[in-house]
């Protein structure tokens, strides 16, 4: 934000909490790890259950199970990973923007000793 | 609904038990993620750099909730198959109508029992409530202290002072408070009647023994046995033909590990409660210049209630599941180390340690959030 008074052009720091951002990105990736860990056991067990399971209840479960494994879980994992990356990118962008502001402030100080 | 259905019930029950455990864990992760993302959004990062992060924790929680419902239902179908052919193991074929009728019938009491068994374990608040409320327990002792009853140390003796005359009021409440009084007025400092009040170490061991030692009469009087009976009873139910872990059975490693983990949780809770109890007694004794009977028991009650509520919460149940699974991994690791040699085991241990680190790293914010 440009300053219209007599001070440096960017007196306020860029509003971005790197610690919270890092915690959020880590939590998103940890959630993905937990989902994958859970599915690595549940999917084989579900498939084993379906090998000999026949009848309308089996059909009902197969539809739910397949939807969960082929749509809901991969979609959620994609979203979680995409946002983890987006937060990392934002963190890098905030750092770059802050550096840019710092340089502009420094130039102003040199021009206005 | 005519026609036939078939299945191997043990396969359905195995999927159901594992699936529900995992779904509960994912629910906890979802709640923790919600808290972390809320904190980030709450810091209002520059929108041009990072827009508001969507409620992905809620999405995970919704997935976990749906998964619990599905996995629980699969377990009920497995039990319905079992019920139609009692005593048969392996593949079972039955009429769809029979199965549907069994499924409808079995959903009531058994589901209630399974829900009950999940929260009955590690309810260590019960013994502390009994120890607090019973005649001679923490509450009447504290009320007696408020009425002026004091145990004061003097010249190697403990003197009981104040409110010495019994039956000055014969109301039920008065008689209840009087149960806290020691029968005499002067005791040797090292006497068994008063030493647990005066000495931290003796107080701790006495409280600990009350909770874990069946040979101690106070174990039965104080209600600790109820806590153990509920815990072990729920474990036995879980691995019986009707429980969440029916497919694993009593001969399984999971059953042994559940008993071991619950024994550890019980002993640790009773130990911490005994520490709080003896510590509070010593601290108040030092602060008031005389023993404040009952305060220790009330401190133990607070710890017992706290642990009880925590263990009944989704986080507590998740922690317990992870401990049982972790114990299984540790046993596998030990077996692996012996059979394949030190180098292989060291490599494997590295990855296990990494997993454990990830687990604890992920648990800390969740526990903080729930508390």
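Take residue B:165 and tell me if it is at pLDDT 80 or above, on the phi < 0 side of the Ramachandran plot and either in a loop (DSSP other than H, G, I, E, B) or in contact with a helix residue (DSSP H, G or I) (Cβ under 8 Å, 6 or more places away or on another chain) (or both). Break it down into steps so the answer makes sense when it comes.
On the way: at pLDDT 80 or above: no; on the phi < 0 side of the Ramachandran plot: yes; either in a loop (DSSP other than H, G, I, E, B) or in contact with a helix residue (DSSP H, G or I) (Cβ under 8 Å, 6 or more places away or on another chain) (or both): yes.
The answer is no for residue B:165.
Starting from residues that are surrounded by fewer than 18 Cβ atoms within 10 Å (Cβ to Cβ) and within 8 Å of chain A (Cβ to nearest Cβ), keep the ones in the stretch B:43-72 and report whichever is nearest to residue B:9 (Cα to Cα).
The qualifying residue nearest to residue B:9 (Cα to Cα) is B:66.
Which one is farthest from the other protein chains (Cβ to nearest Cβ), of the residues in the stretch A:26-39 that are buried (at least 21 other Cβ atoms within 10 Å of the Cβ) and within 25 Å of residue A:98 (Cβ to Cβ)?
My answer is A:28.
So residue B:287 ticks every box in (1) closer than 30 Å to residue B:199 by Cβ; (2) touching a helix residue (DSSP H, G or I) at 6+ places or on another chain (Cβ under 7 Å); (3) at pLDDT below 80 but one. Which box is left unticked?
(2)
For residue A:72, state whether it is crowded, with 16+ Cβ neighbours inside 10 Å, in contact with a strand residue (DSSP E or B) (Cβ under 9 Å, 6 or more places away or on another chain), more than 27 Å from residue A:102 (Cα to Cα) and within 7 Å of chain B (Cβ to nearest Cβ).
Details: crowded, with 16+ Cβ neighbours inside 10 Å: yes; in contact with a strand residue (DSSP E or B) (Cβ under 9 Å, 6 or more places away or on another chain): no; more than 27 Å from residue A:102 (Cα to Cα): yes; within 7 Å of chain B (Cβ to nearest Cβ): yes.
Against the criterion (crowded, with 16+ Cβ neighbours inside 10 Å, in contact with a strand residue (DSSP E or B) (Cβ under 9 Å, 6 or more places away or on another chain), more than 27 Å from residue A:102 (Cα to Cα) and within 7 Å of chain B (Cβ to nearest Cβ)), residue A:72 does not qualify.
The values are calculated or read from the model by the stated rules, or taken from the named source; none is laboratory data. Just so you know, these numbers come straight off a predicted model, no measurement behind them. FYI the Cβ positions are ideal-geometry reconstructions off the backbone, even for glycines, and counts take in every protein chain you see.
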